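The next block holds one structure in the form of structure tokens; read it before the comments.
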Amino acid sequence: MTETTREAMEYDVVIVGAGPAGLSAAIRLKQLDPAREVVVLEKGSEVGAHILSGAVLDPVGLDALIPDWKEKGAPLNVPVTEDKFFYLGEGGKVSVPTKLMPPMMNNHGNYIVSMGNVCRWLAEQAEELGVEIFPGMACSELVYHEDGTVKGVVAGEFGRNADGTEGPGYEPGMELHGKYVFLGEGVRGSLSKQVIAKFGLDKDSDFQKFGLGMKELWEIDPEKHSPGRVVHTMGWPLGSNAGGGSFIYHLDDNQVYVGFVVHLGYANPHVNPYLSFQQFKHHPYVKDLLEGGKRVSYGARAITEGGWQSLPKTAFPGGALLGCAAGMVNVPRIKGNHNAMLSGKAAAEAAHSAIESGRSRDVLEEYDRDVRDGPIGKDLKPVRNVKPIWSKYGLNASLALGGFDMWTNRFGFSLLGTMKHGKTDAQATEDAGKHKVIDYPKPDGKLSFDRLTNVSFANTNHEESQPSHLKLKDPDIPVQVNLPKYAGLSQRYCPAGVYEFVKDEGTGQDRFVINFQNCVHCKTCDIKDPSQNIVWTTPQGGDGPNYPNM
């Protein structure tokens with residue numbers, strides 16, 4: 001087998017991912033030195049195509065990066081005007097007084113936004129400063145120096161056949177080398193996973209934890225619309241089956257984001273996060289809001305939930321992990337975009353100082369210190385016990401004990417110290433025989449929808465002739481282990497209907513089918529599979545969802 005020969009381009013800093021973290025890093029690098037050579041590589045067809053987030057944005061990161069963002073027309077047009085929090089039962093709701101919650105939970109001063117549109121605007125600011133941004137350029141592998149430090153990435157490889165061989169239109173892509181490489185791939189990034197494992201970045205941190213976030217954009221009756229209203233709920237329909245909750249954010253133009261998050265540490269493999277989301281919309285409160293409206297878009301994405309104790313070391317030889325590639329979401333606030341932007345800014349400042357002093361390829365220790373001791377650490381550390389309390393003791397304990405712990409942390413201490421998560425989300429999955437099958441209502445096609453219909457509203461597409469980007473370490477495990485032991489849970493945890501077990505007509509044997517064309521790049525399979533047999537890799541650049549206004 002001959003080694004692929006590629007052209008190489010040299011930069012000061014190579015950034016993987018045009019999300020809030022990567023774009024903030026690029027902007028800050030150019031602010032510090034307009035002559036700095038900076039490139040941003042984005043696997044989506046355009047900037048924002050793969051961005052899926054709530055989102056209520058705390059502008060603290062934007063304030064630090066571009067103080068005059070209002071004058072420059074940043075798409076933060078809907079300030080939060082109202083906070084509501086409900087505990088749901090099947091037929092009703094109980095309002096939880098926001099005055100009982102720690103001040104950090106207040107959304108006053110925040111904005112309801114489309115993070116995809118915010119990233120599109122950030123890309124415009126970056127390009128005005130001279131940053132090179134290449135969408136449709138998936139980064140398929142890392143390149144290393146002989147001493148093992150990260151040298152760069154391979155991007156833009158196209159045209160492999162389904163079996164992995166080079167097709168007639170094969171393009172080998174390019175190597176992009178940098179003095180430093182920033183990985184801003186978001187949750188469970190494929191290159192970030194490799195770097196964390198290679199350099200043992202997580203050896204001193206707890207297990208990372210995750211949730212699955214699903215979201216629909218709706219246009220609703222103008223009489224029911226209240227721009228700036230933020231609603232969060234917990235309870236029904238998840239009950240004791242899984243942790244999680246919902247969000248309903250009222251944008252402008254009679255639009256609302258309706259979202260649902262299921263923590264992936266659930267034990268019962270019969271749980272179906274997607275159908276729980278669809279069931280939620282039939283609650284009387286939500287049904288009344290959505291009736292007469294129409295769904296415009298759908299998407300799904302994993303969320304990092306491990307918090308402070310799960311942060312790996314964020315700097316490695318030759319680069320840094322930014323934002324959700326490291327896991328910087330504040331779980332009770334359901335916010336991570338502000339920390340992503342702050343991390344990009346901090347990494348840029350550390351790299352700028354290093355390059356100015358003649359350094360390259362080393363570990364940006366000053367960046368890692370900034371993450372832990374600066375505003376990101378100050379945001380994450382006080383809420384570090386909320387997630388493990390919820391996982392171990394349930395929702396009610398989380399509301400009471402977690403709330404108390406957040407209050408005491410305002411004074412710089414916690415009576416609970418720093419709690420551990422205990423096990424990974426994959427390890428938390430128990431045998432199907434220990435749990436009852438859950439009978440979910442059938443979607444009605446008006447408020448609730450089957451998966452394949454909804455996936456069409458994610459505008460996702462993958463070139464079918466390419467190799468599947470969803471790899472199996474052992475092709476026998478799905479049928480021989482996961483089907484009998486876990487009731488084939490991949491056919492339920494995937495919110496896009498990628499995985500299914502079908503009976504072979506000839507032999508009557510079960511067969512595992514991967515419909516990778518449906519994939520919306522949520523990464524749930526890479527996280528929740530109890531055998532850890534599925535590995536998510538990047539497909540060809542430009543493939544995947546195309547989220548508008550999400």
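The heavy atoms of Phe199 present about 50 square angstrom of accessible area, all protein chains included, probe 1.4 Å. By the helix-only formula, in which each DSSP H run with n ≥ 4 contributes -39500 (n - 2.57) and the sum is divided by residues, the chain has a 222 nm mean residue ellipticity of -6500 deg cm²/dmol.
I'm a student and want to see the number: the projected area of the Cα convex hull of the chain, averaged over all directions, in nm². Please list the in-between numbers first.
Values: hull surface 101.8 nm².
Answer in nm², one decimal: 25.4.
The alpha-carbon of Lys209 sits under 14 angstrom from the alpha-carbons of these aspartates and glutamates, leaving out residues fewer than 8 places away in its chain: Glu305, Asp425, Asp526, Asp529. Dipole of the chain computed with +1 at Lys/Arg Cβ and -1 at Asp/Glu Cβ about the Cα centre; of Trp390, Gly542, His521, farthest Cα towards the positive end is Trp390. Counted by Cβ distance under 14 Å from Phe247, the other residues give a net charge of +4, where Lys and Arg count +1 and Asp and Glu count -1. Largest accessible area first, the listed residues Met406, Met105 line up as Met105, Met406 when surface is computed with a 1.4 Å probe on the assembled protein chains.
What's the long-distance tail for segment 116-226, i.e. % of Cα pairs beyond 21 Å?
Numbers: 3693 of 6105 pairs.
That tail contains 60 percent of the Cα-Cα pairs.
Taking a ≥ b ≥ c as the square roots of the Cα gyration tensor eigenvalues, with a/c under 1.5 meaning rounded and otherwise prolate when a/b beats b/c, else oblate, which class fits segment 270-329? It comes out prolate by the Cα gyration axes. When you restrict to C-alpha pairs under 8 Å that are six or more residues apart and normalise by the size of the chain, the relative contact order lands at 20 percent.
Net charge near Ala74: determine it from the other residues with C-beta under 12 Å of the C-beta of Ala74, scoring Lys and Arg +1 and Asp and Glu -1.
Working: positive: Lys70, Lys72, Arg120; negative: Asp63, Asp68, Glu71, Glu124.
Residues close to Ala74 contribute a combined charge of -1.
Dipole of the chain (Lys/Arg Cβ +1, Asp/Glu Cβ -1, origin at the Cα centre): which of Gly358, Gly173, Thr304 lies farthest to the positive side? Checked the options; the winner is Thr304.
Pairs over the 32 Å Cα-Cα cut-off, from the set Lys151/Lys387; Lys203/Lys387; Lys281/Lys313: Lys151/Lys387; Lys281/Lys313. For Asp253, what accessible area in Å² do you get when you roll a 1.4 Å probe over the heavy atoms of the protein chains, rounding to the nearest 10? For Asp253, the solvent-accessible surface is approximately 120 Å².
Roughly how far apart, in whole Å, are the Cα centres of segment 397-449 and segment 237-304? Rounded to whole Å, the Cα centres lie 15 Å apart.
Once each part is reduced to its C-alpha centroid, what is the distance from segment 321-341 to segment 517-550 in angstrom? Here the answer is 19 Å between Cα centres. For segment 335-393, the carbon plus sulfur part of the accessible surface works out to 45%, probe radius 1.4 Å. Protection proxy ranking of 501-507, 224-230, by the mean of other Cβ atoms within 10 Å over each peptide's residues and highest first, is 224-230, 501-507. When Lys and Arg each count +1 and Asp and Glu each count -1, what net charge do the other residues less than 9 Å away from Ser490, Cβ to Cβ, add up to? Summing Lys and Arg as +1 and Asp and Glu as -1 gives 0.
Given charges of +1 on the Cβ of Lys and Arg and -1 on the Cβ of Asp and Glu, with all other atoms neutral, how large is the dipole of segment 73-152 about its Cα centre, in debye to the nearest 20? Before the final figure, lay out the partial values.
On the way: 5 positive and 10 negative charges, 124 e Å.
Using only the charged Cβ atoms, the result is roughly 600 debye.
Using a probe of 1.4 angstrom, how much of the accessible area of segment 1-115 is carbon and sulfur, in percent? It is 51 percent, rounded to a whole number. Considering only Ala267, Ser24, Leu52, and ranking their Cα positions along the charge dipole of the chain that arises from unit charges at the beta-carbon of Lys, Arg, Asp and Glu, the one farthest toward the positive end is Ala267.
Please tell me which of these pairs span more than 21 angstrom C-alpha to C-alpha: Lys43/Lys471; Lys287/Lys335; Lys84/Lys335; Lys43/Lys72; Lys215/Lys287; Lys446/Lys503?
Working: Lys43/Lys471 18 Å; Lys287/Lys335 26 Å; Lys84/Lys335 16 Å; Lys43/Lys72 27 Å; Lys215/Lys287 16 Å; Lys446/Lys503 31 Å.
Beyond 21 Å: Lys287/Lys335; Lys43/Lys72; Lys446/Lys503.
Roll a 1.4 Å probe over the protein chains and send me the accessible area per residue for the chain in Å².
Numbers: 21700 Å² over 550 residues.
Accessible area per residue, the chain: 39 Å².
The dipole here belongs to the chain: it is taken about the Cα centre, uses +1 on the Cβ of Lys and Arg and -1 on the Cβ of Asp and Glu, and is about 2100 debye.
Heavy-atom accessible surface of Asp202, to the nearest 10 Å², is about 80 Å², with a 1.4 Å probe and all protein chains retained.
Among 19-30, 465-476, the peptide with the highest mean count of other Cβ atoms within 10 Å heads the list, and the full ranking is 19-30, 465-476.
In summary, the lysines within cross-link reach of Lys434, defined as a Cα separation below 16 angstrom excluding same-chain residues under 8 places away, comprise Lys485.
In a simple Cβ point-charge model (Lys, Arg +1; Asp, Glu -1; nothing else charged), segment 390-516 has a dipole of about 600 debye relative to its Cα centre.
Each part gets one Cα centre, and for segment 1-69 versus segment 138-187 those centres are 17 Å apart.
Place the peptides 298-304, 178-184 in order of packing, highest mean first, counting for every residue the other Cβ atoms within 10 Å and averaging per peptide. Mind dumping the intermediate values first?
Details: 298-304: 26.6, 178-184: 28.7.
Ranked by mean Cβ neighbours within 10 Å, highest first: 178-184, 298-304.
Modelled label-to-label distance, Ser240 and Gln509, 7 Å Cα→beta-carbon offset: nm? Each label point is offset 7 Å from its Cα along the Cβ direction, giving 4.1 nm.
The values are calculated or read from the model by the stated rules, or taken from the named source; none is laboratory data. Predicted model only: the values in this text are computed from it and were never measured. So basically every Cβ, Gly included, is an ideal-geometry build from the backbone, and we count neighbours across all protein chains shown. We work out accessible area using only protein heavy atoms, side chains counted, and drop any ligands, DNA or RNA first. Shrake-Rupley method; radii C 1.70, N 1.55, O 1.52, S 1.80 Å.
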